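**Student:** First the structure, which I've put down as structure tokens, then a few questions once you've had a look.
Just so you know, all these numbers are worked out from the coordinates, no wet-lab data involved. Quantities reported herein were computed from a predicted structural model and do not represent experimental measurements. Backbone-built Cβ (ideal geometry, glycine too); neighbour counts: all protein chains shown.
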Amino acid sequence: MIIALNHKSNFNQEEFLNYQEEFKKIQTDHTMILCPSTIHLAQGKTSSIFLGAQNVSAYEKGAYTGEVSAEQLKSYGVSYCIVGHSERREYQKETNEEIGTKITRLFQNGIIPILCIGESKEEREEARVKEVLQEELEMATRNLTEEERNRLIIAYEPIWSIGTGVIPTNDEIHEVFDFIKGLFPNTKVLYGGSANEQNIEELKQVKTIDGYLLGGLSLHPDKLKLFLDRLN
Ligand code: 13P
């Protein structure tokens, strides 16, 4: 399975180095993708994990103060990059179109995008889940080749589940995964949103899940180890 760890804006330098010491002790056969804060990427690569970024510039290179290009990420050993996380859609007002451009930049540099999609609580209550997901998927991937669509990773993260401790029922996840895989039959799909060492026993019953995008849990190597042990 693919296990992607989204540290978000956590850890100062000392905390990150301490984390890595603990993290290195975890033995697993799963594909681990560590996505630290951009500032830690240069210190992030170890032999047993893939390195992921949490964002990329939509611009190629040049006079874009504060931006980090896909080419720069690549030169630091980054193989994956999260795009379209709901926090960036909300706080940085990222649009599906901009996310699509970022995906193109990543593929141009041989980096695999992890495209986050998900509905709000309101959209779920209004029975608009499939409509929202389809729009996010289609608008962000419309310029991709068949081969790129297959290499892309999709992360389904219901917004109401992120950081709340509330997760969808297995039936709800099943329904959404069947829908996404109907549109993208050869693409790996991850689940993200309050997945932890307690609820993994339940989540792992959903056999269509190809992996997990972990937020809060990823900051605690001891709990992460329990999660991985129980996933096996
Ligand atoms: P939590 O696991 O903290 O809910 O965060 C999920 C997430 O946003 C991963 O990208």
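**Student:** Roughly how many debye, to the nearest 20, is the charge dipole of the chain about its Cα centre, given +1 on each Lys and Arg Cβ, -1 on each Asp and Glu Cβ, and no other charges? Write out the running numbers ahead of the final one.
**Tutor:** Values: 25 positive and 36 negative charges, 147 e Å.
Computed charge dipole of the chain: roughly 700 debye.
**Student:** Could you list, in their original order, any pairs among K24/K74; K130/K181; K93/K181; K121/K223; K25/K225; K181/K207 whose Cα atoms are separated by more than 20 Å? Provide the component values of the computation, followed by the final result.
**Tutor:** Details: K24/K74 22 Å; K130/K181 12 Å; K93/K181 27 Å; K121/K223 28 Å; K25/K225 9 Å; K181/K207 13 Å.
Over 20 Å apart, Cα to Cα: K24/K74; K93/K181; K121/K223.
**Student:** Just to verify a number: FRET efficiency for E146 and Y64, C-beta to C-beta distance, R0 = 25 Å, to 0.05? Intermediate values should be presented prior to the final figure.
**Tutor:** Working: r = 31 Å, r/R0 = 1.24.
Efficiency for this residue pair is about 0.20.
**Student:** Mean separation of Cα pairs under 8 Å and 6+ residues apart, divided by the residue count of the stretch 52-150: what relative contact order is that in percent?
**Tutor:** Rounded, it is 28 percent for the stretch 52-150.
**Student:** Mind ordering 192-199, 74-81, 61-68, 180-187 by average Cβ neighbours within 10 Å, highest first? Kindly include the intermediate steps, with their values, before the conclusion.
**Tutor:** Numbers: 192-199: 20.2, 74-81: 18.2, 61-68: 9.8, 180-187: 14.5.
Result, highest mean Cβ count within 10 Å first: 192-199, 74-81, 180-187, 61-68.
**Student:** Here is a further query. In debye, nearest 20, what is the charge dipole magnitude of the stretch 1-60 about its Cα centre with +1 on Lys and Arg Cβ and -1 on Asp and Glu Cβ, if you could check?
**Tutor:** 80
**Student:** Which translational diffusion coefficient, to the nearest whole µm²/s, is obtained for the stretch 55-184 from the Stokes-Einstein equation, given a Kirkwood hydrodynamic radius over C-alpha pairs, 20 °C and 1.002 mPa s?
**Tutor:** Numbers: Rh = 15.4 Å.
Using the Kirkwood radius from Cα pairs, D works out to 139 µm²/s.
**Student:** A follow-up question, please. Tell me which aspartates and glutamates have Cα within less than 13 Å of K204's Cα, excluding those fewer than 8 residues away on the same chain?
**Tutor:** Partners found: D171, D229.
**Student:** Per DSSP helix of 4 or more residues, -39500 (n - 2.57); summed, then divided by the residues of the chain. What does that give at 222 nm, rounded to the nearest 500? Walk me through the intermediate numbers first.
**Tutor:** Values: 10 runs with 89 residues, N = 232.
Mean residue ellipticity, 222 nm, calculated: -11000 deg cm²/dmol.
**Student:** Rank G77, L231, A4 by how far each Cα sits towards the positive end of the charge dipole of the chain (+1 on Lys, Arg Cβ; -1 on Asp, Glu Cβ) and give me just the farthest.
**Tutor:** Sorting the options by dipole projection puts first G77.
**Student:** Per the Kirkwood treatment, what hydrodynamic radius in Å, one decimal, follows for the chain from the mean inverse distance over all distinct Cα pairs? Each step should come with its number before you reach the end.
**Tutor:** On the way: mean 1/r = 0.0560 Å⁻¹.
Every distinct Cα pair counted, the radius reaches 17.8 Å.
**Student:** Now a separate question. Note down the relative contact order for the stretch 115-232 as a percent, whole number, built from C-alpha pairs under 8 angstrom at least six residues apart. Before the final figure, lay out the partial values.
**Tutor:** Working: 161 pairs, mean separation 29.2, N = 118.
The normalised contact order for the stretch 115-232 reaches 25 percent.
**Student:** Farthest toward the dipole's positive end in the stretch 180-232, which of S218, Q205, G182, given Cβ charges of +1 (Lys, Arg) and -1 (Asp, Glu) about the Cα centre?
**Tutor:** Ranked along the dipole, the leading option is G182.
**Student:** Which whole-number percentage describes the relative contact order of the chain, with Cα contacts under 8 Å and a sequence gap of 6 or more?
**Tutor:** Numbers: 395 pairs, mean separation 43.9, N = 232.
Answer for the chain is 19 percent.
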